[in-house]
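The values are calculated or read from the model by the stated rules, or taken from the named source; none is laboratory data. Quick caveat: nothing in here was measured; it's all calculated off a predicted structure. For neighbour counting, all protein chains shown are included, and Cβ atoms are generated from backbone atoms with ideal geometry for every residue, glycine included. Only protein heavy atoms, including side chains, enter the accessible area calculation; ligands, DNA and RNA are left aside. Shrake-Rupley method; radii C 1.70, N 1.55, O 1.52, S 1.80 Å.
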Amino acid sequence: MGSLSYLLYKLGLLLLCCSVAANNEPLANAKYKDPKEPLEVRIEDLMSHMTLEEKIGQMVQVERVNATTKVIKNYFIGSVFSSGGSVPTPNASTEAWVNMVNEIQKTALSTRLGIPIIYGIDAVHGHNNAYNATIFPHNIGLGVTRDPGLVKRIGEATALEVRATGVQYVFAPCIAVCRDPRWGRCYESYSEDHRIVQQMTKIIPGLQGDLPTGQNGVPFIAGKTKVAACAKHFVGDGGTLRGINANDTVVNTNGLLGIHMPAYYDAVNKGVATIMVSYSSLNGLKMHANKKLITGFLKNKLKFKGIVISDYLGIDQIATPLHANYSHSDYAGITAGLDMIMGSSNLTELIDELTSQVKRNLIPMSRIEDAVKRILRVKFTMGLFEDPMADHSLANQLGSKEHRELAREAVRKSLVLLKNGENADTPLLPLPKKTNKILVAGTHSDNLGYQCGGWTITWQGLKGNNLTIGTTILAAVNKTVDPTTKVIYNQNPDTNFVKSGDFDYAIVVVGETPYAEGDGDNTNLTIAEPGPSTIENVCGSVKCVVVVVSGRPV
(Lines give C-alpha, C1' and ligand atoms only; values in the text may rest on other atoms or scores of the structure.)
Protein backbone atom coordinates (compact mmCIF):
# COMPACT_ATOMS: atom_id res chain seq x y z
CA MET A 1 0.00 0.00 0.00
CA GLY A 2 1.46 3.38 -1.00
CA SER A 3 2.12 6.03 1.66
CA LEU A 4 -0.69 8.30 0.38
CA SER A 5 -3.14 5.41 0.24
CA TYR A 6 -2.07 4.30 3.70
CA LEU A 7 -2.53 7.86 5.00
CA LEU A 8 -6.00 8.08 3.47
CA TYR A 9 -6.84 4.63 4.89
CA LYS A 10 -5.77 5.76 8.39
CA LEU A 11 -7.66 9.03 7.96
CA GLY A 12 -10.74 7.05 6.86
CA LEU A 13 -10.49 4.89 9.94
CA LEU A 14 -10.13 7.99 12.08
CA LEU A 15 -13.16 9.61 10.44
CA LEU A 16 -15.18 6.39 10.87
CA CYS A 17 -14.23 6.19 14.56
CA CYS A 18 -15.19 9.82 15.03
CA SER A 19 -18.51 9.18 13.28
CA VAL A 20 -19.30 6.20 15.52
CA ALA A 21 -18.33 8.23 18.56
CA ALA A 22 -20.52 11.09 17.38
CA ASN A 23 -23.49 8.73 17.07
CA ASN A 24 -22.97 7.10 20.45
CA GLU A 25 -21.74 10.02 22.48
CA PRO A 26 -25.02 12.00 22.49
CA LEU A 27 -26.96 9.00 23.85
CA ALA A 28 -24.80 8.69 26.95
CA ASN A 29 -25.49 12.29 27.93
CA ALA A 30 -28.66 12.89 25.94
CA LYS A 31 -31.03 15.54 27.25
CA TYR A 32 -33.98 13.17 27.04
CA LYS A 33 -32.42 11.10 29.84
CA ASP A 34 -32.23 14.10 32.19
CA PRO A 35 -35.42 14.53 34.29
CA LYS A 36 -34.37 18.10 35.07
CA GLU A 37 -34.82 19.13 31.46
CA PRO A 38 -38.24 20.57 30.46
CA LEU A 39 -40.72 18.03 29.09
CA GLU A 40 -40.84 19.39 25.55
CA VAL A 41 -37.01 19.64 25.41
CA ARG A 42 -36.76 15.94 26.33
CA ILE A 43 -39.31 15.03 23.67
CA GLU A 44 -37.54 16.99 20.93
CA ASP A 45 -34.14 15.63 21.93
CA LEU A 46 -35.29 12.00 21.87
CA MET A 47 -37.05 12.56 18.55
CA SER A 48 -33.77 13.86 17.07
CA HIS A 49 -32.09 10.52 17.81
CA MET A 50 -34.88 8.31 16.43
CA THR A 51 -34.90 6.57 13.07
CA LEU A 52 -38.12 6.23 11.07
CA GLU A 53 -38.32 2.57 12.14
CA GLU A 54 -38.05 3.52 15.81
CA LYS A 55 -40.74 6.16 15.42
CA ILE A 56 -43.18 3.81 13.71
CA GLY A 57 -42.47 1.16 16.34
CA GLN A 58 -43.63 3.55 19.04
CA MET A 59 -46.97 3.84 17.24
CA VAL A 60 -47.65 0.08 17.46
CA GLN A 61 -49.37 -1.67 20.38
CA VAL A 62 -49.16 -5.48 20.32
CA GLU A 63 -51.13 -8.05 22.30
CA ARG A 64 -49.27 -9.70 25.18
CA VAL A 65 -48.92 -13.08 23.42
CA ASN A 66 -47.22 -11.40 20.45
CA ALA A 67 -44.83 -9.30 22.56
CA THR A 68 -41.85 -11.60 22.09
CA THR A 69 -38.27 -10.47 22.65
CA LYS A 70 -37.68 -10.69 18.90
CA VAL A 71 -40.73 -8.56 18.02
CA ILE A 72 -39.95 -5.84 20.58
CA LYS A 73 -36.26 -5.66 19.63
CA ASN A 74 -36.72 -5.86 15.87
CA TYR A 75 -39.62 -3.42 15.63
CA PHE A 76 -39.00 -1.11 18.65
CA ILE A 77 -42.57 -1.69 19.86
CA GLY A 78 -43.97 1.16 21.95
CA SER A 79 -46.84 -0.49 23.77
CA VAL A 80 -48.22 -3.89 24.82
CA PHE A 81 -51.73 -4.79 25.98
CA SER A 82 -53.82 -7.59 27.44
CA SER A 83 -57.07 -8.21 25.60
CA GLY A 84 -60.07 -9.38 27.61
CA GLY A 85 -59.08 -12.52 29.51
CA SER A 86 -55.44 -12.46 28.36
CA VAL A 87 -53.42 -13.21 31.51
CA PRO A 88 -49.94 -14.56 32.34
CA THR A 89 -51.40 -17.74 33.90
CA PRO A 90 -54.88 -18.77 35.05
CA ASN A 91 -55.66 -17.17 38.44
CA ALA A 92 -52.35 -15.28 38.14
CA SER A 93 -50.85 -13.75 41.28
CA THR A 94 -49.64 -10.15 41.43
CA GLU A 95 -46.11 -11.56 41.31
CA ALA A 96 -46.82 -13.37 38.03
CA TRP A 97 -48.29 -10.20 36.52
CA VAL A 98 -45.39 -7.98 37.66
CA ASN A 99 -42.79 -10.46 36.42
CA MET A 100 -44.46 -10.67 33.01
CA VAL A 101 -44.68 -6.88 32.58
CA ASN A 102 -41.10 -6.44 33.77
CA GLU A 103 -39.73 -9.03 31.33
CA ILE A 104 -41.36 -7.13 28.48
CA GLN A 105 -40.05 -3.85 29.88
CA LYS A 106 -36.48 -5.16 30.18
CA THR A 107 -36.52 -6.03 26.50
CA ALA A 108 -37.77 -2.56 25.55
CA LEU A 109 -35.08 -0.94 27.71
CA SER A 110 -32.37 -3.02 26.01
CA THR A 111 -33.06 -1.44 22.61
CA ARG A 112 -30.76 1.29 21.29
CA LEU A 113 -32.66 4.24 22.78
CA GLY A 114 -34.10 2.41 25.78
CA ILE A 115 -37.64 3.80 25.36
CA PRO A 116 -39.92 2.09 27.91
CA ILE A 117 -43.15 0.41 26.86
CA ILE A 118 -46.52 1.36 28.29
CA TYR A 119 -48.69 -1.66 29.15
CA GLY A 120 -52.47 -1.32 28.77
CA ILE A 121 -55.43 -3.35 30.00
CA ASP A 122 -59.23 -3.17 30.18
CA ALA A 123 -60.07 -2.22 33.75
CA VAL A 124 -63.62 -1.10 33.08
CA HIS A 125 -65.20 -1.93 36.47
CA GLY A 126 -62.21 -2.51 38.65
CA HIS A 127 -59.17 -4.52 37.51
CA ASN A 128 -61.58 -6.95 35.87
CA ASN A 129 -59.03 -9.24 34.17
CA ALA A 130 -57.19 -10.04 37.38
CA TYR A 131 -58.14 -12.90 39.69
CA ASN A 132 -59.08 -11.70 43.20
CA ALA A 133 -59.35 -8.05 42.11
CA THR A 134 -62.20 -5.90 43.43
CA ILE A 135 -65.04 -5.91 40.91
CA PHE A 136 -67.10 -2.72 41.10
CA PRO A 137 -70.57 -2.19 39.61
CA HIS A 138 -70.55 -1.48 35.90
CA ASN A 139 -70.86 2.14 34.78
CA ILE A 140 -74.64 2.01 34.36
CA GLY A 141 -74.87 1.27 38.09
CA LEU A 142 -72.36 3.96 39.03
CA GLY A 143 -74.29 6.54 37.01
CA VAL A 144 -77.36 5.73 39.09
CA THR A 145 -75.50 6.73 42.28
CA ARG A 146 -75.28 10.36 41.09
CA ASP A 147 -72.13 10.42 43.24
CA PRO A 148 -69.03 11.66 41.35
CA GLY A 149 -67.00 11.55 44.57
CA LEU A 150 -67.69 7.83 44.93
CA VAL A 151 -66.70 7.26 41.31
CA LYS A 152 -63.44 9.14 41.87
CA ARG A 153 -62.65 6.90 44.86
CA ILE A 154 -63.35 3.86 42.67
CA GLY A 155 -60.85 5.27 40.17
CA GLU A 156 -58.26 5.62 42.94
CA ALA A 157 -58.82 2.04 44.12
CA THR A 158 -58.72 0.67 40.57
CA ALA A 159 -55.44 2.49 39.87
CA LEU A 160 -53.83 0.91 42.94
CA GLU A 161 -55.02 -2.58 42.00
CA VAL A 162 -53.86 -2.21 38.39
CA ARG A 163 -50.45 -0.92 39.51
CA ALA A 164 -50.23 -3.86 41.94
CA THR A 165 -49.95 -6.07 38.83
CA GLY A 166 -47.31 -3.87 37.16
CA VAL A 167 -49.69 -2.42 34.55
CA GLN A 168 -49.61 1.36 33.98
CA TYR A 169 -52.47 2.09 31.57
CA VAL A 170 -56.21 1.33 31.56
CA PHE A 171 -58.71 1.48 28.69
CA ALA A 172 -61.27 3.30 30.84
CA PRO A 173 -63.55 5.16 31.36
CA CYS A 174 -66.17 4.57 28.69
CA ILE A 175 -67.96 7.92 28.40
CA ALA A 176 -70.51 6.83 25.82
CA VAL A 177 -74.03 8.22 26.13
CA CYS A 178 -76.27 5.16 25.62
CA ARG A 179 -79.33 6.31 23.69
CA ASP A 180 -80.73 2.83 22.98
CA PRO A 181 -80.78 0.01 25.58
CA ARG A 182 -80.68 -2.59 22.81
CA TRP A 183 -76.96 -1.76 22.51
CA GLY A 184 -74.73 -4.48 23.97
CA ARG A 185 -72.43 -1.92 25.59
CA CYS A 186 -75.17 0.05 27.30
CA TYR A 187 -73.94 -1.07 30.74
CA GLU A 188 -70.57 0.52 29.96
CA SER A 189 -72.33 3.90 29.73
CA TYR A 190 -73.01 5.90 32.88
CA SER A 191 -76.28 7.28 31.54
CA GLU A 192 -78.47 8.23 28.59
CA ASP A 193 -78.13 11.79 29.98
CA HIS A 194 -74.86 13.45 28.92
CA ARG A 195 -74.87 15.63 32.05
CA ILE A 196 -74.54 12.57 34.28
CA VAL A 197 -71.82 11.15 32.04
CA GLN A 198 -69.97 14.45 32.34
CA GLN A 199 -70.17 14.32 36.14
CA MET A 200 -68.75 10.81 36.14
CA THR A 201 -65.58 11.87 34.31
CA LYS A 202 -64.48 12.51 37.90
CA ILE A 203 -63.12 8.95 37.67
CA ILE A 204 -60.28 10.33 35.50
CA PRO A 205 -58.53 12.25 38.32
CA GLY A 206 -59.21 9.18 40.47
CA LEU A 207 -57.24 7.03 38.03
CA GLN A 208 -54.58 9.61 37.08
CA GLY A 209 -54.43 12.07 39.99
CA ASP A 210 -55.74 15.62 40.29
CA LEU A 211 -54.59 17.87 37.48
CA PRO A 212 -52.40 20.79 38.65
CA THR A 213 -54.03 24.16 38.12
CA GLY A 214 -53.45 25.77 34.74
CA GLN A 215 -52.55 22.55 32.94
CA ASN A 216 -55.77 21.97 30.96
CA GLY A 217 -55.56 19.62 28.00
CA VAL A 218 -52.09 18.32 28.85
CA PRO A 219 -51.90 14.68 30.01
CA PHE A 220 -51.16 14.23 33.69
CA ILE A 221 -50.38 11.07 35.70
CA ALA A 222 -49.28 11.55 39.31
CA GLY A 223 -46.70 8.84 39.92
CA LYS A 224 -46.56 5.08 40.44
CA THR A 225 -49.85 4.71 42.32
CA LYS A 226 -51.73 6.15 39.33
CA VAL A 227 -52.41 4.94 35.80
CA ALA A 228 -52.91 6.57 32.41
CA ALA A 229 -56.65 6.66 31.62
CA CYS A 230 -58.45 6.38 28.28
CA ALA A 231 -61.72 8.15 27.45
CA LYS A 232 -63.65 6.07 24.93
CA HIS A 233 -65.05 5.64 22.32
CA PHE A 234 -64.68 8.86 20.34
CA VAL A 235 -67.37 9.73 19.37
CA GLY A 236 -71.07 8.78 19.17
CA ASP A 237 -70.68 5.09 20.02
CA GLY A 238 -73.83 5.14 22.17
CA GLY A 239 -76.06 6.57 19.45
CA THR A 240 -75.89 3.95 16.72
CA LEU A 241 -78.94 3.02 14.66
CA ARG A 242 -81.14 0.41 16.39
CA GLY A 243 -78.53 0.09 19.12
CA ILE A 244 -76.36 -2.17 16.97
CA ASN A 245 -72.76 -2.17 18.15
CA ALA A 246 -70.30 -0.39 15.82
CA ASN A 247 -73.19 0.66 13.56
CA ASP A 248 -73.73 4.11 12.04
CA THR A 249 -74.64 7.04 14.28
CA VAL A 250 -76.83 9.40 12.28
CA VAL A 251 -76.91 12.76 14.02
CA ASN A 252 -76.74 16.47 13.17
CA THR A 253 -74.14 18.85 14.53
CA ASN A 254 -76.34 19.94 17.44
CA GLY A 255 -76.92 16.32 18.47
CA LEU A 256 -73.24 15.46 18.18
CA LEU A 257 -71.98 18.47 20.14
CA GLY A 258 -74.90 18.55 22.57
CA ILE A 259 -75.17 14.85 23.47
CA HIS A 260 -72.10 12.79 22.53
CA MET A 261 -69.26 15.32 22.75
CA PRO A 262 -69.66 17.13 26.12
CA ALA A 263 -68.00 14.43 28.25
CA TYR A 264 -64.91 14.71 26.03
CA TYR A 265 -64.59 18.40 26.91
CA ASP A 266 -64.50 17.36 30.57
CA ALA A 267 -62.10 14.48 29.97
CA VAL A 268 -59.61 16.69 28.10
CA ASN A 269 -59.89 19.40 30.75
CA LYS A 270 -59.13 16.79 33.43
CA GLY A 271 -55.88 15.85 31.66
CA VAL A 272 -56.89 12.45 30.31
CA ALA A 273 -53.79 10.81 28.82
CA THR A 274 -55.39 8.94 25.93
CA ILE A 275 -58.61 8.84 23.91
CA MET A 276 -59.78 5.73 22.03
CA VAL A 277 -61.61 6.02 18.73
CA SER A 278 -64.95 4.23 18.19
CA TYR A 279 -65.58 1.33 15.83
CA SER A 280 -68.82 3.04 14.85
CA SER A 281 -69.39 5.40 11.94
CA LEU A 282 -70.72 8.94 12.05
CA ASN A 283 -73.18 9.78 9.29
CA GLY A 284 -71.67 7.05 7.13
CA LEU A 285 -67.96 7.75 7.75
CA LYS A 286 -65.95 5.33 9.92
CA MET A 287 -64.72 7.20 12.99
CA HIS A 288 -61.27 5.63 12.58
CA ALA A 289 -61.01 7.56 9.31
CA ASN A 290 -62.67 10.80 10.48
CA LYS A 291 -59.90 13.40 10.13
CA LYS A 292 -62.30 16.30 10.66
CA LEU A 293 -63.21 15.15 14.17
CA ILE A 294 -59.98 13.44 15.30
CA THR A 295 -57.49 16.04 14.06
CA GLY A 296 -59.68 19.04 13.34
CA PHE A 297 -61.85 18.94 16.45
CA LEU A 298 -60.17 16.85 19.14
CA LYS A 299 -56.56 17.83 18.52
CA ASN A 300 -56.87 21.32 17.04
CA LYS A 301 -60.03 22.74 18.60
CA LEU A 302 -60.05 20.99 22.00
CA LYS A 303 -56.21 21.19 22.13
CA PHE A 304 -55.90 17.57 23.28
CA LYS A 305 -52.18 16.83 23.70
CA GLY A 306 -52.32 13.13 24.60
CA ILE A 307 -52.46 9.91 22.57
CA VAL A 308 -55.29 9.08 20.18
CA ILE A 309 -55.40 5.26 20.13
CA SER A 310 -57.34 2.98 17.81
CA ASP A 311 -59.68 0.32 19.14
CA TYR A 312 -58.58 -3.31 18.70
CA LEU A 313 -58.11 -3.94 14.96
CA GLY A 314 -59.79 -0.59 14.39
CA ILE A 315 -57.75 0.16 11.27
CA ASP A 316 -58.50 -3.31 9.89
CA GLN A 317 -62.21 -2.51 10.24
CA ILE A 318 -62.17 0.69 8.18
CA ALA A 319 -62.89 -1.39 5.08
CA THR A 320 -65.33 -4.28 4.77
CA PRO A 321 -64.70 -7.18 5.08
CA LEU A 322 -62.10 -7.05 7.85
CA HIS A 323 -58.59 -6.27 6.55
CA ALA A 324 -59.77 -5.55 2.99
CA ASN A 325 -57.95 -2.77 1.09
CA TYR A 326 -55.43 -2.63 3.93
CA SER A 327 -53.02 -0.08 2.48
CA HIS A 328 -55.89 2.39 2.06
CA SER A 329 -57.11 1.70 5.61
CA ASP A 330 -53.62 2.35 7.01
CA TYR A 331 -53.44 5.61 5.11
CA ALA A 332 -56.95 6.69 6.12
CA GLY A 333 -56.46 5.91 9.82
CA ILE A 334 -53.03 7.47 10.26
CA THR A 335 -53.80 10.61 8.26
CA ALA A 336 -57.08 10.98 10.17
CA GLY A 337 -54.99 11.39 13.32
CA LEU A 338 -54.52 7.98 14.97
CA ASP A 339 -51.30 7.98 17.00
CA MET A 340 -51.19 4.42 18.34
CA ILE A 341 -52.55 1.33 16.59
CA MET A 342 -53.98 -1.36 18.87
CA GLY A 343 -53.45 -4.81 17.42
CA SER A 344 -53.04 -5.84 13.82
CA SER A 345 -54.13 -8.78 11.71
CA ASN A 346 -50.52 -8.85 10.51
CA LEU A 347 -47.87 -6.92 12.47
CA THR A 348 -45.18 -6.89 9.79
CA GLU A 349 -47.70 -5.84 7.14
CA LEU A 350 -48.77 -2.87 9.28
CA ILE A 351 -45.21 -1.71 9.94
CA ASP A 352 -44.01 -2.30 6.37
CA GLU A 353 -47.03 -0.50 4.94
CA LEU A 354 -46.60 2.55 7.19
CA THR A 355 -42.87 2.70 6.47
CA SER A 356 -43.45 2.43 2.74
CA GLN A 357 -46.14 5.12 2.69
CA VAL A 358 -43.94 7.55 4.63
CA LYS A 359 -40.98 6.90 2.32
CA ARG A 360 -43.23 7.45 -0.70
CA ASN A 361 -44.49 10.73 0.85
CA LEU A 362 -48.08 9.45 1.00
CA ILE A 363 -48.21 9.83 4.78
CA PRO A 364 -46.40 13.07 5.67
CA MET A 365 -43.50 12.79 8.09
CA SER A 366 -45.14 15.56 10.14
CA ARG A 367 -48.02 13.15 10.90
CA ILE A 368 -45.59 10.52 12.26
CA GLU A 369 -43.78 13.19 14.30
CA ASP A 370 -47.07 14.37 15.81
CA ALA A 371 -47.99 10.81 16.83
CA VAL A 372 -44.62 9.99 18.39
CA LYS A 373 -44.42 13.28 20.29
CA ARG A 374 -47.79 12.53 21.86
CA ILE A 375 -46.74 9.02 22.84
CA LEU A 376 -43.46 10.23 24.33
CA ARG A 377 -45.26 13.06 26.14
CA VAL A 378 -47.40 10.54 28.02
CA LYS A 379 -44.44 8.28 28.79
CA PHE A 380 -42.30 11.15 30.08
CA THR A 381 -45.22 12.56 32.09
CA MET A 382 -45.76 9.17 33.74
CA GLY A 383 -42.13 9.01 34.85
CA LEU A 384 -41.52 5.79 32.90
CA PHE A 385 -38.06 6.89 31.80
CA GLU A 386 -36.93 7.40 35.41
CA ASP A 387 -38.78 4.46 36.95
CA PRO A 388 -39.79 1.94 34.28
CA MET A 389 -39.84 -1.26 36.34
CA ALA A 390 -42.75 -2.42 38.45
CA ASP A 391 -42.25 -3.81 41.95
CA HIS A 392 -44.24 -5.80 44.50
CA SER A 393 -44.84 -2.96 46.97
CA LEU A 394 -48.55 -2.64 46.08
CA ALA A 395 -49.34 -6.38 46.09
CA ASN A 396 -51.60 -6.05 49.15
CA GLN A 397 -53.82 -3.55 47.28
CA LEU A 398 -55.33 -6.18 44.97
CA GLY A 399 -58.72 -7.08 46.42
CA SER A 400 -57.94 -5.27 49.68
CA LYS A 401 -60.50 -5.08 52.48
CA GLU A 402 -60.83 -1.30 52.00
CA HIS A 403 -61.56 -1.69 48.29
CA ARG A 404 -64.14 -4.41 48.89
CA GLU A 405 -65.90 -2.14 51.39
CA LEU A 406 -65.88 0.59 48.75
CA ALA A 407 -67.43 -1.85 46.27
CA ARG A 408 -70.17 -2.68 48.81
CA GLU A 409 -70.87 1.02 49.25
CA ALA A 410 -71.11 1.37 45.46
CA VAL A 411 -73.54 -1.56 45.27
CA ARG A 412 -75.75 -0.09 48.00
CA LYS A 413 -75.84 3.29 46.26
CA SER A 414 -76.42 1.83 42.80
CA LEU A 415 -79.45 -0.32 43.70
CA VAL A 416 -82.67 0.99 42.15
CA LEU A 417 -85.92 0.39 44.03
CA LEU A 418 -88.69 0.11 41.44
CA LYS A 419 -91.53 -0.71 43.81
CA ASN A 420 -91.79 -1.36 47.56
CA GLY A 421 -94.89 -3.41 48.29
CA GLU A 422 -98.40 -3.11 46.88
CA ASN A 423 -98.77 0.43 48.16
CA ALA A 424 -96.72 3.08 49.93
CA ASP A 425 -98.61 2.62 53.24
CA THR A 426 -97.46 -0.98 53.66
CA PRO A 427 -93.88 -1.24 52.35
CA LEU A 428 -92.36 -4.71 52.08
CA LEU A 429 -88.75 -3.63 52.47
CA PRO A 430 -86.68 -3.87 54.51
CA LEU A 431 -87.33 -7.53 55.30
CA PRO A 432 -86.90 -8.48 58.97
CA LYS A 433 -83.58 -10.20 59.72
CA LYS A 434 -85.34 -12.38 62.29
CA THR A 435 -88.14 -14.50 60.87
CA ASN A 436 -88.97 -18.19 60.49
CA LYS A 437 -88.05 -19.15 56.91
CA ILE A 438 -86.88 -17.30 53.80
CA LEU A 439 -86.78 -18.88 50.34
CA VAL A 440 -83.99 -17.72 48.00
CA ALA A 441 -84.54 -18.66 44.34
CA GLY A 442 -83.59 -17.65 40.80
CA THR A 443 -80.74 -18.19 38.33
CA HIS A 444 -78.73 -15.22 39.63
CA SER A 445 -79.05 -15.79 43.38
CA ASP A 446 -76.01 -18.05 43.72
CA ASN A 447 -73.94 -17.23 40.63
CA LEU A 448 -70.99 -14.89 40.95
CA GLY A 449 -70.37 -14.84 37.19
CA TYR A 450 -73.91 -13.72 36.44
CA GLN A 451 -73.63 -11.13 39.21
CA CYS A 452 -70.42 -9.62 37.78
CA GLY A 453 -71.52 -9.58 34.13
CA GLY A 454 -69.34 -9.10 31.05
CA TRP A 455 -65.74 -7.89 31.14
CA THR A 456 -65.03 -10.01 34.23
CA ILE A 457 -61.99 -12.33 34.13
CA THR A 458 -62.80 -12.97 30.46
CA TRP A 459 -64.11 -10.65 27.74
CA GLN A 460 -67.66 -12.02 27.66
CA GLY A 461 -67.80 -12.87 31.37
CA LEU A 462 -68.49 -16.29 32.86
CA LYS A 463 -71.11 -18.21 34.81
CA GLY A 464 -70.62 -20.01 38.11
CA ASN A 465 -68.78 -19.33 41.34
CA ASN A 466 -65.21 -20.40 40.63
CA LEU A 467 -64.08 -17.54 38.37
CA THR A 468 -62.78 -15.17 41.07
CA ILE A 469 -63.18 -14.28 44.74
CA GLY A 470 -66.51 -12.73 45.75
CA THR A 471 -69.80 -12.99 47.62
CA THR A 472 -72.98 -14.23 45.96
CA ILE A 473 -76.38 -12.79 46.90
CA LEU A 474 -77.33 -16.10 48.55
CA ALA A 475 -74.17 -16.05 50.65
CA ALA A 476 -74.87 -12.43 51.62
CA VAL A 477 -78.43 -13.30 52.72
CA ASN A 478 -77.14 -16.19 54.83
CA LYS A 479 -74.55 -13.91 56.41
CA THR A 480 -77.03 -11.09 57.12
CA VAL A 481 -80.08 -12.79 58.65
CA ASP A 482 -80.46 -13.64 62.32
CA PRO A 483 -78.87 -17.00 63.26
CA THR A 484 -82.33 -18.41 64.04
CA THR A 485 -83.71 -17.60 60.57
CA LYS A 486 -83.73 -20.53 58.15
CA VAL A 487 -82.65 -19.72 54.59
CA ILE A 488 -83.75 -22.31 52.02
CA TYR A 489 -82.23 -22.23 48.54
CA ASN A 490 -83.93 -23.65 45.46
CA GLN A 491 -82.90 -22.19 42.12
CA ASN A 492 -86.14 -22.90 40.24
CA PRO A 493 -88.81 -24.32 42.59
CA ASP A 494 -92.20 -25.49 41.37
CA THR A 495 -95.43 -24.23 42.94
CA ASN A 496 -95.88 -27.31 45.12
CA PHE A 497 -92.48 -26.80 46.73
CA VAL A 498 -93.27 -23.14 47.40
CA LYS A 499 -96.77 -23.77 48.81
CA SER A 500 -95.63 -26.57 51.10
CA GLY A 501 -92.56 -24.74 52.38
CA ASP A 502 -94.29 -22.44 54.88
CA PHE A 503 -92.05 -19.52 53.90
CA ASP A 504 -92.48 -16.07 55.43
CA TYR A 505 -90.71 -14.35 52.57
CA ALA A 506 -89.00 -15.15 49.29
CA ILE A 507 -86.15 -13.45 47.43
CA VAL A 508 -86.05 -14.21 43.70
CA VAL A 509 -82.91 -13.10 41.82
CA VAL A 510 -83.08 -13.21 38.02
CA GLY A 511 -81.74 -11.19 35.08
CA GLU A 512 -79.47 -11.14 32.06
CA THR A 513 -76.57 -13.54 31.56
CA PRO A 514 -73.13 -11.96 30.91
CA TYR A 515 -72.20 -10.45 27.54
CA ALA A 516 -69.93 -7.80 26.05
CA GLU A 517 -69.95 -5.57 22.98
CA GLY A 518 -71.86 -6.84 19.94
CA ASP A 519 -72.63 -10.18 21.58
CA GLY A 520 -74.95 -8.25 23.88
CA ASP A 521 -76.93 -6.48 21.16
CA ASN A 522 -80.54 -7.49 21.80
CA THR A 523 -83.82 -6.42 20.23
CA ASN A 524 -85.83 -8.46 22.76
CA LEU A 525 -85.35 -6.75 26.12
CA THR A 526 -87.00 -9.39 28.29
CA ILE A 527 -85.76 -11.61 31.11
CA ALA A 528 -85.01 -15.05 29.69
CA GLU A 529 -86.57 -18.23 31.03
CA PRO A 530 -86.61 -19.66 33.61
CA GLY A 531 -86.66 -16.19 35.18
CA PRO A 532 -90.34 -15.34 34.54
CA SER A 533 -91.44 -18.85 35.54
CA THR A 534 -89.53 -18.64 38.80
CA ILE A 535 -91.13 -15.29 39.60
CA GLU A 536 -94.58 -16.69 38.84
CA ASN A 537 -94.08 -19.92 40.81
CA VAL A 538 -92.69 -18.16 43.89
CA CYS A 539 -94.44 -14.83 44.03
CA GLY A 540 -97.88 -16.35 43.49
CA SER A 541 -97.72 -17.88 46.98
CA VAL A 542 -95.25 -15.92 49.14
CA LYS A 543 -94.51 -12.30 49.95
CA CYS A 544 -91.80 -11.78 47.44
CA VAL A 545 -88.83 -9.52 46.61
CA VAL A 546 -87.65 -9.72 42.99
CA VAL A 547 -84.08 -8.61 42.31
CA VAL A 548 -83.15 -8.03 38.66
CA VAL A 549 -79.45 -8.23 37.80
CA SER A 550 -79.17 -6.51 34.45
CA GLY A 551 -77.06 -4.22 32.28
CA ARG A 552 -80.07 -2.23 31.08
CA PRO A 553 -83.84 -1.92 31.54
CA VAL A 554 -85.50 -5.26 30.72
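Label-to-label distance, Thr355 versus Asp391, with points set 7 angstrom from Cα along the beta-carbon direction: 3.9 nm. Residues Ile488, Ile196, sorted by accessible area with the largest first, give Ile488, Ile196 [1.4 Å probe; ligands and nucleic acids excluded].
When a 1.4 Å probe is rolled over the protein heavy atoms, the share of accessible surface on region 417-549 that falls to carbon and sulfur comes to 51 percent.
Remind me, relative contact order of the chain in percent, using alpha carbon pairs under 8 angstrom and six or more residues apart? Provide the component values of the computation, followed by the final result.
Values: 1116 pairs, mean separation 85.6, N = 554.
Reported relative contact order: 15 percent.
Of the whole protein surface, Trp459 contributes about 100 Å² of accessible area at a 1.4 Å probe radius. Near Val87, no amide H atom lies under 5 Å from its own; only residues 5 or more places off or on other chains count, and H is placed 1.01 Å from N. Using the empirical formula 2.2 N^0.38 Å as the baseline, the Cα radius of gyration of region 42-86 reaches a ratio of 1.30. Of Thr495, Thr111, the residue with the largest accessible area leads and the full order is Thr495, Thr111 (1.4 Å probe).
Per residue, region 60-173 exposes 29 Å² of solvent-accessible protein surface, assessed with a 1.4 angstrom probe and all protein chains in place. The heavy atoms of Ser189 offer some 0 square angstrom of accessible surface to a 1.4 angstrom probe. P(r) tail for region 330-375: Cα pairs beyond 13 Å make up 53% of the total. As a fraction of the 1.4 Å probe accessible area of region 58-382, surface on carbon and sulfur atoms comes out at 50 percent. Here the Karplus relation 6.51 cos²θ - 1.76 cosθ + 1.60, evaluated at θ = phi - 60°, turns the backbone of region 210-225 into coupling constants of 5, 5, x, 4, x, 10, 4, x, 9, x, 9, 10, 8, x, 7, 9 Hz, with x for every Gly and Pro. Between region 413-455 and region 109-143, the C-alpha centres lie 32 angstrom from each other.
How large, in Å, is region 417-549 by the Kirkwood hydrodynamic radius built from its alpha-carbon pairs?
Working: mean 1/r = 0.0634 Å⁻¹.
For region 417-549, inverting the mean 1/r across all distinct Cα pairs yields 15.8 Å.
When nucleic acids and ligands are ignored and a 1.4 Å probe is applied, Met365 ends up with an accessible area of around 70 Å². Given Cα pairs under 8 Å that are at least 6 residues apart, what percent is the relative contact order of region 58-382? In percent, rounded to a whole number, it is 15.
State the percent of C-alpha pairs, over all pairs in region 63-138, separated by a distance greater than 13 angstrom.
66 percent
With the simple model of a label 7 Å out from the Cα in the direction of the Cβ, Glu37 to Arg404 spans 4.8 nm.
For region 58-382, what is Rg from Cα atoms divided by 2.2 N^0.38 Å, rounded to two decimals?
Numbers: Rg = 18.4 Å, N = 325, 2.2 N^0.38 = 19.8 Å.
That works out to 0.93 for region 58-382.
The slack between Tyr489 and Leu362, meaning 0.36 nm per residue of separation minus the straight C-alpha distance, is 39.1 nm. Using C-alpha pairs below 8 Å separated by at least 6 residues, the relative contact order for region 417-549 is 32 percent.
From the protein chains alone at 1.4 Å, what is the descending order of accessible area for Cys178, Cys544, largest first? Could the numbers behind the result be given before it?
Working: Cys178 10, Cys544 30 Å².
Listed by decreasing accessible area, they come as Cys544, Cys178.
Using the empirical formula 2.2 N^0.38 Å as the baseline, the Cα radius of gyration of the chain reaches a ratio of 1.10.
Which net charge results for the neighbourhood of Gly155, defined as the other residues with beta-carbon distances under 12 angstrom from its beta-carbon, given Lys and Arg at +1 and Asp and Glu at -1? With Lys, Arg at +1 and Asp, Glu at -1, the net is +2.
Tell me the per residue accessible area of region 417-549 using a 1.4 Å probe; a whole number in Å² is fine. Working shown, then result.
Details: 7000 Å² over 133 residues.
Per-residue value: 53 Å².
Computed with a 1.4 Å probe over protein heavy atoms only, the accessible surface of region 238-346 comes to 35 Å² per residue.
Calculate the length of the line joining the C-alpha centroid of region 206-272 to that of region 310-361, in whole Å. So the separation of the two Cα centres works out to 23 Å. With K and R counted +1 and D and E -1, the other residues having a Cβ less than 14 Å from that of Ile77 yield a net charge of +3.
Expressed as cubic angstrom per residue, what is the convex hull volume of the alpha carbon set of region 100-238? Write down the numbers at each step before the final one.
Values: hull volume 17.7 nm³, N = 139.
In region 100-238, the Cα convex hull volume per residue is 128 Å³.
For region 417-549, the tally of Lys pairs with Cα-Cα distances below 17 Å comes to 14, considering only residues 8 or more apart or on different chains.
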